[in-house]
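J.: This is the structure I want to talk about, given as structure tokens.
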Amino acid sequence: MNNKQHININLSNLTLVIPAKEEVGCLYKVLEELENFNYQKIIIIPKDRSLPSDWNFKNIKIIKQSKNGYGNAILEGIENVKTKFFCIFNADGSFNPNEIENMFTQINSYDFVFGSRYLKDGKSDDDTFITIIGNYFFSKIGKIFFNLKLSDILYTYVVANTSKFNELGVKSNDFCFCVEFPIKMKKNNFSYIDSPSHERIRISGKKNVNEIVDGFKILFQR
């Protein structure tokens, strides 16, 4: 059950973990939108890149990624989180920051809150036919094999309890992260819920996750 009451919400106790390998070109617009919100932000960029020195956004820490991979970028970002909660926030402009507060409110009752494009009131402007079929199929597999009741298993818009996440021991450096994370969460009997999310058209960049290849890796996480 969603808890929409605003009880003891301190959004300054939330850090956005923003992997930005291919999205450095659109990151300015994303950060400009996030300036309206009082969040700490950790941005993970490739070690051979840097952000312009004239960017004056507040509450930002820049991490130069030491290894490769989407999962590794998130993990290195989480290692630097000092707040009780964090949110994985993609840098391509597809995530709507207006949804964070509702997701964060629910963290009062759950350890993890997953955004979902396929719940009532959720949708995607960036979906392809393969995305829809792949997510539906592998979300079903997650339910059958692991009793994982998530409607959008390959979507990584997540608000999480930092200490609870660190107990999971997630190790995937690539897009297997999207699957390993919720499966280990379920195996550790942590509480979770999915929350409607509207995925917007990305500002730039391309969809790097392969819903078929990466989704099938769910079978090897048993």
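J.: Of all helices (runs of 4 or more DSSP H) completely enclosed by region 138-222, which ones contain at least 2 residues that are farther than 20 Å from residue 124 by Cβ, among the basic types (Lys, Arg) and at pLDDT 90 or above?
T.: Values: elements: 162-166, 177-187, 213-216.
In region 138-222, 177-187 are the helices (runs of 4 or more DSSP H) which contain 2 or more residues that are farther than 20 Å from residue 124 by Cβ, among the basic types (Lys, Arg) and at pLDDT 90 or above.
J.: So, in region 20-44, of the ones that are of a type in the set (A, V, I, L, M, F, W, C) and more than 11 Å from residue 91 (Cβ to Cβ), which residue ends up modelled with the highest pLDDT? Talk me through it step by step, then tell me what you get.
T.: We begin by selecting, within region 20-44, every residue of a type in the set (A, V, I, L, M, F, W, C); these are 20, 24, 26-27, 30-31, 34, 37, 42-44.
In the following step, the residues that additionally are more than 11 Å from residue 91 (Cβ to Cβ) were identified as 37, 42.
Values: 37: 89, 42: 97.
The qualifying residue modelled with the highest pLDDT is 42.
J.: Taking region 145-155 only, how many residues are over 16 Å from residue 196 (Cβ atoms) and surrounded by 17 or more Cβ atoms within 10 Å (Cβ to Cβ)? Walk me through how you get there before you give the answer.
T.: If we filter region 145-155 for residues that are over 16 Å from residue 196 (Cβ atoms), which is where we start, we get 145-148, 154.
Among the residues that remain, those that are also surrounded by 17 or more Cβ atoms within 10 Å (Cβ to Cβ) are: 146, 148, 154.
Summing the residues that are over 16 Å from residue 196 (Cβ atoms) and surrounded by 17 or more Cβ atoms within 10 Å (Cβ to Cβ) in region 145-155 gives 3.
J.: On the basis of being surrounded by fewer than 19 Cβ atoms within 10 Å (Cβ to Cβ), within 22 Å of residue 71 (Cα to Cα) and touching a Lys or Arg at 6+ places or on another chain (Cβ under 9 Å), does residue 173 make the cut?
T.: For residue 173, the condition - surrounded by fewer than 19 Cβ atoms within 10 Å (Cβ to Cβ), within 22 Å of residue 71 (Cα to Cα) and touching a Lys or Arg at 6+ places or on another chain (Cβ under 9 Å) - is met.
J.: Has region 119-126 got at least one residue that is at pLDDT 90 or above and surrounded by 21 or more Cβ atoms within 10 Å (Cβ to Cβ)?
T.: Quick first cut of region 119-126, residues at pLDDT 90 or above only: 119-125.
Next, from what is left, pick out any that are surrounded by 21 or more Cβ atoms within 10 Å (Cβ to Cβ): none.
No: zero hits.
J.: Name every residue in region 68-84 that is hydroxyl-bearing (Ser, Thr, Tyr) and modelled with pLDDT of 95 or more, in order of residue number. So that I can check it myself, show each step before the final result.
T.: The first filter runs over region 68-84 and keeps only residues hydroxyl-bearing (Ser, Thr, Tyr), leaving 70, 83.
Answer for region 68-84, where residues must be hydroxyl-bearing (Ser, Thr, Tyr) and modelled with pLDDT of 95 or more: just 83.
The values are calculated or read from the model by the stated rules, or taken from the named source; none is laboratory data. Keep in mind that this is a model prediction, so the values were computed, not measured. As a convention, Cβ positions derive from the backbone with ideal geometry for all residues, glycine included, and neighbour counts pool all protein chains shown.
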